[in-house]
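Below: the structure, in structure tokens.
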Amino acid sequence: KAQKRTDYKAPNFTATDIDLTFTLDDTKTIVKNVTRFKRLTSDAKAPLILNGEELKLNYLKVDGINYKFKETKNGVEIPSVPDEFTVELENEINPSANSSLMGLYKSNGTFCTQCEPEGFRRITYSLDRSDVLAKYRVTIIGPEYGCGVLLSNGNLIERGTKKNRPYAIWEDPFPKPSYLFALVAGTFDIVSDTFTTMSGRKVDLELYVDRGAYERGLWAMQSIKDSMKWDEGRWGLEFDLDNFKVVAVDFFNFGAMENKGLNVFNSVYVMVDPTCATDTAFYNVQSVIGHEYFHNYTGDRVTLRDWFQLSLKESLTVFRDQEFSSDVANRALTRLHAINVIRGPQFAEDASPMAHPVRPEEVMEMNNFYTVTIYDKGAEIIRMIHTLIGESRFKKALNDYLHKYDGQAVTIEDFLCCFEESAGVDLSQFRRWYTQAGTPHVKASWTYDEENKNLVLKLSQHTNPTRDQQVKEPFYMPIRMSFLDKEGHDVHPAELSSDGYIILNENEQEYRFTLDRDTLPVILRDFSAPVKLDAPYTIEQLQHMLSFCDDAFIKVDCATTMQNRYIHDNLEIAAAQSVLKDPAELIASYKAILDSVDSQSDLILINETLKIQSIANLMETFDKINIDAIKYAHDALETKVAVSLVNEFVELYGKIRALSANYSVADMGRRAINNSALHMIAVAKCAMDKKKDASDIVLNHYNSSKNMTDKLQAMTDAVHLDLECKTEILKSFEKDWSKDALVFDNFFRVQATVPNKSAIDNVKKLLSHPSYDGKNPNRVRALAGALALSNPVALNDISGEGYDLLCKQISALNDINPSVAARILTPLLSFRRLDEKRQGMILNNLNSLMQMPKLSRSIYEKVSTALKE
Ligand code: ARG
Ligand code: ZN
């Protein structure tokens, strides 16, 4: 049943104009659809085949006449039609019964839509494919009560009341594919503003939020204006409509959606204020608002020929949103987050049975391909192109691309050709990044050639086979480099170009640099290629780079590498649960950093350097995963660092505090390091038999701050370390927030992520909490989703109860919401990396999922792929 990329066929027909009239009703919405079609190919016999899913067809006419047609499982087929004609039809849908949240559905009383990738066919019959671009005119007739706001894409043509029902007519001047269609109807608070574009046009901005939540929308509105300004300043891209609307809804399958001129958001990426949302939430709102806004060019104006090209718009837009966050928030933090996504979930995906190239070859259910590979590895590929050609040529090429293909549906190949031509580069070998799945391993070594005064660097690359592809050809990658002398000064050998990178594009290569002996090569600055690097640095060399290198990634990576070495060196001892030695060098480096911190330091970067890696990212440094030993070693490492440096952390905790409870990048840094200190103090006190002290300080932290970042840190430490204050904090949080679903998700998530077996019981218990709702994806992600995706320890508990619980939730969700079900299934697919006992338990669960009646395509594709290997 899988579709192949190479099977693409241009459509026989296109739609040019689509006129829709919605008569909204909870259970019986009537859609009248008048579409003008045009034959594109010379095949005069080709029938018109329209997609339709779960629709009830009332009538269908061609040019006003009752034509012969047949209803099929997937829509309707009209055998003989003229070259140009109009189809008029009417169908019914039931938004209230739509729990999959694809198509038209109800979210807490609001009518809203999600059409990407193939949801439009659940609204009305259409050529529901991304290469059919039409102009839309949309009339919405609301129900008598409850829908004061009626929205669709484009410009408002008319609004009023007819027969006691409100109505509105919208027209979108830009032709678009059906996946960018949107409709929203409901009652909202509206945050309004305006933006004047660089050419002086005034754009009306409107942000629609829940009634009573006006204040929580202000940051998102600011972010819209910042996005518009930034896209003009950095790339010269100016907004193209007279109005731009963003709506926040409570029921949403993913983050947000870039519908032309009418972005629809998961409310979690809109609604923030300092008392209810963390600094990270503020940062994320800005980034996601940016992402969707930037799609207006990279996605909407230039769209996709077919879904195999998804990365074309997503990777480019992720790259753009990362650059936005880098410019307006913090570059190092943005880069380090992005790298963590690659080195955690993306490496895991590349090592899993669902590994796929950034441009996949075969897809059964498109919803399964909105992945960290398509999005984030894709963005790393765009970043490599940016590295290779530099900012100014990149900017020119992007503009050439947007200009050349404006209003068209194109491919990754079109994009690459355009960049090649515009920037004058040859990307032929580089293209393998789009066609080969799997993570390249790069090995480095170096020697000194006394005779020629040369540092001789050897790099080699190797990529393991993936299920879909046995043989891998070498990738073309830029390796950013610098060199440090013994004093820690940068030295620039003549052989290194001023761009500061070398190219690795063979299985093995040698590079010579004229340098003094004892000069240290710094390899893969800024994580210039998404690879696993293995370089034989000594501990002293890592410490040297940590002290003197000016690259944020290298600094943090030196600390991470020291942690990894410790964990790997001690894994056997950890497996036997024996006593581990101290990570003395790491502690020494950390002490030096802590001793020198003051309010002038780069607190965000220092905090990232001090962080003990997550267990999830640690797991990706192993092929076979011994989860118990990794957890044991991880905890030992953290405890030893905390205990050895407890005085330093206490001092830091007292010294660095946020100046205000509000969000700002500077205070985000202060709070981050202050909260890390709190965490380390609590860990240390617990290990030192002073659990009561830990509880007191954590409780005080909770009570004395008005900021959610602080409260959440305190609650997390109380719950994860099982402190005495746990009950009090949970009670207080519950009292304050149980009626505020978004905020209350923290209550669920914190308890679902306790890094031991008790998380399983917590989840079981919380599933019947009055504030839980198994149909809301945010709630699911906060409980079962958190257990699956953010708690490898509890999920993989040797009792097998984690697997059982997760699979029970997945099978319940199979009928309710298959996309969410398939998403939280992901970690189980990699069962072959675990021990036999766990493999067996997961296999049993996967096999019983396969036996489910009415198994959804999304779950079938993933499970069957995993079982095949
Ligand atoms: N295009 C949206 C975005 O990344 C996401 C849509 C996700 N759709 C899906 N079926 N998973 O901005
Ligand atoms: Zn996107």
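Out of Phe251, Phe244, which single residue is in contact with a helix residue (DSSP H, G or I) (Cβ under 9 Å, 6 or more places away or on another chain), within 19 Å of Leu150 (Cα to Cα), within 16 Å of ligand 1 (Cβ to nearest atom) and open to solvent by 10 Å² or more (accessible area, probe 1.4 Å)?
Phe251
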The one condition in (1) open to solvent by 30 Å² or more (accessible area, probe 1.4 Å); (2) aliphatic (A, V, I, L, M); (3) farther than 28 Å from Lys631 by Cβ that Ile798 fails to fulfil: (3)
Selection count, the stretch 388-421, where residues are under 18 Å from His295 (Cβ atoms), assigned to a helix (DSSP H, G or I) and of a type in the set (Asp, Glu): 1
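When you check Lys706 against the structure, is it in contact (Cβ under 8 Å) with a residue 40 or more places away in the chain and open to solvent by 30 Å² or more (accessible area, probe 1.4 Å), yes or no?
So Lys706 fits the description; yes.
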Looking only at the stretch 491-535, and only at residues there that are without any contact (Cβ under 8 Å) to a residue 40 or more places away in the chain and among the polar types (S, T, N, Q), the one that is least open to solvent (accessible area, probe 1.4 Å): Ser497
Residue match in the stretch 726-736 (condition: open to solvent by 40 Å² or more (accessible area, probe 1.4 Å), more than 30 Å from Phe324 (Cβ to Cβ) and not in a helix (DSSP H, G or I)): no
Filtered residue count, the stretch 551-573, keeping only those that are outside any helix (DSSP H, G or I) and under 28 Å from the mean Cα position of the chain (by Cα): 1
Output for the stretch 579-614, where each listed residue is of a type outside the set (Gly, Ala, Ser) and in a loop (DSSP other than H, G, I, E, B): Val579, Leu580, Lys581, Asp582, Pro583, Val597, Asp598, Gln600, Asp602, Lys611, Ile612, Gln613
The stretch 254-292: number of residues that are charged (D, E, K, R) and within 13 Å of ligand 1 (Cβ to nearest atom): 3
Unique residue being free of Cβ contacts under 8 Å to residues at least 24 places away in the same chain, farther than 21 Å from Ser601 by Cα, among the charged types (D, E, K, R) and surrounded by 21 or more Cβ atoms within 10 Å (Cβ to Cβ) when the list is Lys685, Lys711: Lys711
Segments classed as strands (runs of 3 or more DSSP E), wholly inside the stretch 56-153, with at least 2 members that are in contact with a strand residue (DSSP E or B) (Cβ under 7 Å, 6 or more places away or on another chain) and among the basic types (Lys, Arg): 56-62, 134-141
Members of the stretch 464-481 found to be buried (at least 21 other Cβ atoms within 10 Å of the Cβ) and touching a Pro at 6+ places or on another chain (Cβ under 8 Å), listed by number: Phe475, Met477, Met481
Failed condition for Gly261, given (1) more than 15 Å from ligand 2 (Cβ to nearest atom); (2) open to solvent by 10 Å² or more (accessible area, probe 1.4 Å): (2)
Scan of the stretch 13-55 for residues that are within 30 Å of Arg165 (Cα to Cα), open to solvent by 10 Å² or more (accessible area, probe 1.4 Å), in a strand (DSSP E or B) and not polar (S, T, N, Q), ordered by number: Asp17, Ile18, Asp19, Ile30, Lys32, Val34, Arg36
Test for Tyr283: is it within 16 Å of ligand 2 (Cβ to nearest atom), under 30 Å from Phe394 (Cβ atoms), open to solvent by 10 Å² or more (accessible area, probe 1.4 Å) and not β-branched (Val, Ile, Thr): no
Those residues of the stretch 354-400 which are more than 16 Å from ligand 1 (Cβ to nearest atom), closer than 26 Å to Ala866 by Cβ and touching a Gly at 6+ places or on another chain (Cβ under 8 Å), in sequence order: Ala355
Residue count for the stretch 62-111, restricted to those that are more than 16 Å from ligand 1 (Cβ to nearest atom) and either free of Cβ contacts under 8 Å to residues at least 60 places away in the same chain or farther than 30 Å from Ala248 by Cβ (or both): 29
Residue in the stretch 566-581 that is in contact (Cβ under 8 Å) with a residue 12 or more places away in the chain and among the basic types (Lys, Arg) present: no
Helices (runs of 4 or more DSSP H) enclosed by the stretch 786-843 - at least 3 residues per element that are more than 16 Å from ligand 2 (Cβ to nearest atom) and among the acidic types (Asp, Glu): 801-816
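The values are calculated or read from the model by the stated rules, or taken from the named source; none is laboratory data. Here the structure is a predicted model, which means the values were calculated and not measured. In this analysis, Cβ positions are derived from the backbone assuming ideal geometry, glycine residues included, and neighbour counts consider all displayed protein chains. With ligands, DNA and RNA removed, areas are computed over all heavy atoms of the protein, side chains included. Shrake-Rupley method; radii C 1.70, N 1.55, O 1.52, S 1.80 Å.
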